[in-house]
Amino acid sequence: MNKAKMSIDRLNRISAIDNRIYGSFIEHLGRAVYNGIYEPEHPMANKKGFRKDVIQLVKELQVPIIRYPGGNFVSGFNWEDSVGPREQRPKRLDLAWFTTETNEVGMQEFDEWLQEVNSEMMLAVNLGTRGADAARNLVEYCNHREGSFWSDLRIRHGKKAPYGIKTWCLGNEMDGPWQMGHKTAYEYGRLANETAKMMRWVDPSIELVACGSSKMVMPTFADWEAMVLTEAYEEVDYLSLHNYWGNSDGDTESYLAGGILMDDFIKSVIAICDYVKAKKRSKKKINLSFDEWNVWYHTKESDKQIEHWLQAPPRLEDIYNFEDALLVGGLLITLLKNSDRVKMACLAQLVNVIAPIMTEVGGKAWTQTIYYPFYYTSVYGRGEALKVNIEGPRFDCKQYTDVPMLDSVAVYNEEEETLALFVMNRSIKEDLEITCDLRGVKADRCIGNVALEGYDYKAANTAESPGCVVPAQKPTGILEAGSMHTVVSRSSWNMFRFHIGK
Ligand code: AHR
């Protein structure tokens, strides 16, 4: 059997992890909101119409921030439609997804739901069909205490205390021709700069995310980032990255190595941010917000048949399988390995729409395969990210060469005196015998071992059999002279937890 050596040292610190790296996303799209989080006729609905079973599953994921209300949807959204008395809210055609938006759930209702799930809002403003004026008014409505037109309107709408929204996205995927109000990098960079300036004049405490490329293969990638930052560097705090993965050509070996592309994308965007910093002789560092990432490909073709102007039709309801879950686990490792610069990330999305949580109308809520790696990483991956030194075999596949079989990151939690070690064996062919030297973190015993392994790549959970693909709780290994010896099976994602001694 192939062997690998690993070692972890307390001093090999990547960064303190910003918990917002475990963010997610709810867009007014498909059944994410209506018949997803909100279904007033459901037997499990609370007084406000939100499903308690969904709330429970979201809470378990411990998602600290949720991007809202889009996505492509936000680029045609009039925020004023979604506030105030519900019976006066207009129905609008949504040109992003060709549906009818009723605005039954808006700012106030979504904020109430966020409180139920212990999360906060990352609010996107419309820089597609609208601009700086609507955006600064929205900041005034949400965050200004009182005594101005928009803040007093909020109070008349029954919300005395400001929402106090801290994190704001300056539009969505403005580089994409599919976007309402698509712009050139220069047009967007100028607009982002002016909008950011005015939003911050209303509330200097907010943090702003400018749009980077909507995927790494965009023809404008890199030039887009450089130009946007050239125009808006001093006014923005983060640059966004979006990317979706898929295995449409059935090449599982390359698919499972998808973390390489994510890593490359992140490193390239960091290089561009730092290039503009140098060019501007700026003291400020721009960090990254990977605010859309996930697997999305299962429904791309079938969704083309959906009739236009329906209300909340099922859309982007990808059913995820074992290999998708492995990839998601691997992508989380990559995000943590880059947590010195990736401060926020949003698994896109959260309920029904390319989501870890699915619902049946009037029926069950259930968890997809990808729920599990996200759950374990979010719950146990808080603290300081530590680099894992690895000496082990590598392989070539169709899309990448020299791929390390093992991918790994560790998270040290000083307060809880624990270390979580996340390990993926990307090889589809070989199990690996590993020896992990933990003396550098003073681990004295293994307290948990969870493995997602051994399923058919296409095995999936469904409403009828939701427990098909779940990680196994394995016996905890014994440490010998501060080292763990174990086998990680081919195509597996694993989490080991250790107690840290004095
Ligand atoms: O998450 C689905 C869509 O993917 C979002 O609306 C858009 O931003 C991206 O293209």
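Given their separation in residues at 0.36 nm each and the Cα-Cα distance between them, Arg145 and Asn2 gain 45.2 nm when the chain is fully extended.
Computed from backbone phi, the HN-Hα couplings of the stretch 294-299 come to 3, 8, 8, 6, 4, 10 Hz, rounded to whole numbers (Karplus: 6.51 cos²θ - 1.76 cosθ + 1.60, θ = phi - 60°; Gly and Pro given as x).
Computed from the Cβ-Cβ distance with R0 of 45 Å, the FRET efficiency linking Glu187 to Asp81 stands at 0.95. Over all directions, the projected convex hull of the C-alpha atoms in the stretch 263-340 averages 8.0 nm² in area. Computing FRET efficiency as 1/(1 + (r/R0)^6) for Glu60 and Asp431, where r is the C-beta to C-beta distance and R0 is 41 Å, gives about 0.85.
Between Ser302 and Gln88, the simple spin-label model (points 7 angstrom out along Cα→Cβ) gives 4.3 nm.
How many percent of the alpha carbon pairs in the stretch 1-109 exceed a separation of 19 Å? Everything past 19 Å amounts to 58 percent.
Annotation: per residue accessible area for the stretch 137-231 equals 42 Å², rounded to a whole number [probe 1.4 Å, protein chains only].
In the calculated pair-distance distribution of the stretch 142-188, the portion above 11 angstrom amounts to 71 percent of the Cα-Cα pairs. Computed on the Cα atoms alone, the convex hull of the stretch 140-254 gives a volume of 155 cubic angstrom per residue.
Here Asp237 sits with roughly 40 square angstrom of accessible surface, probe radius 1.4 Å.
Projecting label points 7 angstrom from Cα along Cα→Cβ for Glu112 and Ala271 puts them 5.0 nm apart.
Each label was represented as a point 7 Å from its Cα along the Cα-to-Cβ direction; for Lys284 and Ala472 these points are 5.2 nm apart.
Contact order normalised by length for the chain, with contacts defined as Cα pairs under 8 Å and 6 or more residues apart; what percent is it? Once divided by the residue count of the chain, the mean separation gives 20 percent.
Estimated at 0.36 nm per residue, the fully extended path between Asp223 and Trp178 surpasses their Cα-Cα distance by 14.3 nm. Among complete DSSP H helices in the chain, those whose alpha-carbon atoms stretch at least 18 Å along the helix's long axis and whose mean Kyte-Doolittle hydropathy reaches 0.0 are 259-279, 322-337.
Using C-alpha pairs under 8 Å with a sequence gap of at least 6, the mean separation divided by the residue count of the stretch 236-387 gives a relative contact order of 26 percent. Near Ile266, once Lys and Arg are set to +1 and Asp and Glu to -1 for all other residues with Cβ below 11 Å from its Cβ, the sum equals 0.
Pairs of Cα atoms in the chain fall into 20 Å distance bins, from 0 up to the last occupied one, in shares of 23, 56, 20, 1 percent. Here's how it looks for Leu127: its modeled amide H is under 5 Å from those of Gly171, Asn172, which are all 5 or more places away or on a different chain.
Relative to the current alpha-carbon distance between Asp456 and Tyr244, full extension at 0.36 nm per residue lengthens the span by 74.1 nm.
Taking the 1.4 Å solvent-accessible surface of the stretch 78-159 as the whole, the part contributed by carbon and sulfur is 45%. Using the Cβ-Cβ distance between Arg10 and Asp264 with R0 = 25 Å, the FRET efficiency computed as 1/(1 + (r/R0)^6) comes to roughly 0.30.
The values are calculated or read from the model by the stated rules, or taken from the named source; none is laboratory data. Every value quoted in this text rests on a predicted model; they were computed, and no experiment measured them. All Cβ positions, glycine included, derive from the backbone under ideal geometry; neighbour counts span all protein chains shown. Quick note on the areas: whole protein, heavy atoms, side chains included, nothing else; ligands and nucleic acids left out. Shrake-Rupley method; radii C 1.70, N 1.55, O 1.52, S 1.80 Å.
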